[in-house]
1. Could you go through the stretch 318-327 in sequence order and give the Karplus-derived ³J(HN,Hα) for each residue, using 6.51 cos²θ - 1.76 cosθ + 1.60 with θ = phi - 60°, rounded to whole Hz, and x for Gly and Pro?
2. Per residue of the stretch 50-55, what does 6.51 cos²θ - 1.76 cosθ + 1.60 with θ = phi - 60° give for ³J(HN,Hα)? Whole Hz please, x for Gly and Pro, Karplus curve as stated.
3. Report, in debye and to the nearest 20, how large the dipole of the chain comes out about its Cα centre when Lys and Arg carry +1 and Asp and Glu carry -1 on their Cβ.
4. Taking the Cβ of P27 as the centre, find all other residues whose Cβ is under 13 Å away and add up their charges (Lys, Arg: +1; Asp, Glu: -1).
5. Report, to the nearest 10°, how far helix 271-280 tilts away from the longest principal axis of the Cα atoms in the chain, using its own Cα long axis and a range of 0 to 90°.
6. Cut-off under 19 Å on the C-alpha distance; same-chain residues fewer than 8 positions from K79 excluded. Which lysines are left, in chain and number order?
7. For D236, list long-range residues whose amide hydrogen, built 1.01 Å from N in the peptide plane, is under 5 Å from its own amide hydrogen.
8. I want the antiparallel fraction of DSSP beta bridges within the chain, as a percent rounded to 5.
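Any read-out appearing in this document is the output of simple, stated calculations on the displayed coordinates, not a laboratory observation. Since this is a predicted model, take the numbers as computed values, not measurements. When we count neighbours, we look across all protein chains shown, and the Cβ atoms used for this are built from the backbone with ideal geometry, even at glycine.
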Amino acid sequence: MDVFVIEGGRKLSGTLRINGSKNAALPLLAASLLTDDPVILRDVPDLSDIRNMYRLLAELGVESNTEYDDQGISKASLKVVDNSEFHARYDIVRTMRASICVLGPVLAKRGKARVSMPGGCAIGQRPVDLHLRGLEALGATITLEGGDIVARVPQSGRLIGDMVFLGGPFGSTVLGTANVMSAATLAVGTTIIECAACEPEIVDLANMLNGMGAKITGAGSPRIVIEGVESLGGVDHTIMPDRIEAGTFMCAAAITKSDLTLENCPLDAMMSATDRLEAIGVHIDPVDHPDRVFAEDPLRRICKVSCSETLKPVQITTQPHPGFPTDLQAQFMSLLCLAEGNSVITEKIFPERFLHVAELTRMGANIHRHGTTAVISGVNKLTGAPVMASDLRASASLVLAAMAAEGTTVINRVYHIDRGYEKLEDRLSEVGASIQRANEEEVAAMGLMCE
């Protein structure tokens, strides 16, 4: 099993390009099931979750191939060649909860879908009841058979537009909104989704679907209106940049007291995160480059990130967009470990998402958890230690802490990182970090300990 070996205390300098968004790419790839025409997706990140989605799409009759341009940006071509398969099997679904987002497209296009019920994960239970309630509101019949969700369209052969409420105890559901919105594009009549997720990734999906001939308005607001159409066509769509990756790299610059330039940075989708960074003492300055292809798009901007010598404590509460994203909670916690004073982070989305607290404490952090709240008392330094990654974003927080720590840190189970950050060790090394991937035998040969 691979580990990261990180020597802390290195300054970062240079430019990093933000890749296409993982959280946007997964439902966009699933949406290729809604048409028999070719679909082109640009800037699809090369991640283990994405590769698993390609495997699932192949089993569902989608042929795909990926090319890269001279800048290393991907172009994925997808085409449905067989509409007969409708079963998303457990051995693929269990590797990636986002597999559930094929449910709506397969049901709407093929009349029946069978998707293995996703299990829990390290950050807590994430039930799919809102997905099913939304599809039932469109006339689908839902049963549970042998651990699989089995959904069927009405006898008329098509879903029927209706009012759909997607509110839940922790707010709206992003993948649930994606599922219902995708399914509703091929329904008869008009669908109105109330309490829809407002995340930028939902806007990106709506933009792609509209490019395929759908009629969707209101994406990005709590009310989305979808007028069903007979069929959808092909599209050539560029995936939005990954706002979580961008936030992670901003924290990397801040925690190492460094300057970084970020290209293709979705600043307009990150206002809650950049607000907290500015309060901490991190400076984020947009840079206009008229010669860049994406310069006219405010979501794809170049920015320079720099940091004050003194980090200030702040209060953070995770909330659905446009609130502070839960996927940046762990990274900000690492940063606040070195702030002067007491910071408070309250987790409103996934109350159990604090497994990184114990590992940061091993590195010298002073963190006390009280239910859904963690109080972080800043320390003068962190110290390298063997630590264990528990989930994707917790892994990123440990990488950040290790880059700022004195000495060497060995991070175990870095396969979590590969789910959401493409070649993270290579990219950070290019801007000055001392980070290498190794196996346990190589670590032992270095005289270091794994967890």
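1. Taking θ as phi minus 60°, the curve returns 6, 8, x, 4, x, x, 5, x, 4, 6 Hz for the stretch 318-327.
2. Taking θ as phi minus 60°, the curve returns 5, 4, 5, 5, 4, 4 Hz for the stretch 50-55.
3. 920 debye
4. -2
5. Roughly 10 degrees between the two axes.
6. The qualifying lysines are K109.
7. Under 5 Å from the amide H of D236: I40.
8. In the chain, DSSP labels about 75 percent of beta bridges as antiparallel.
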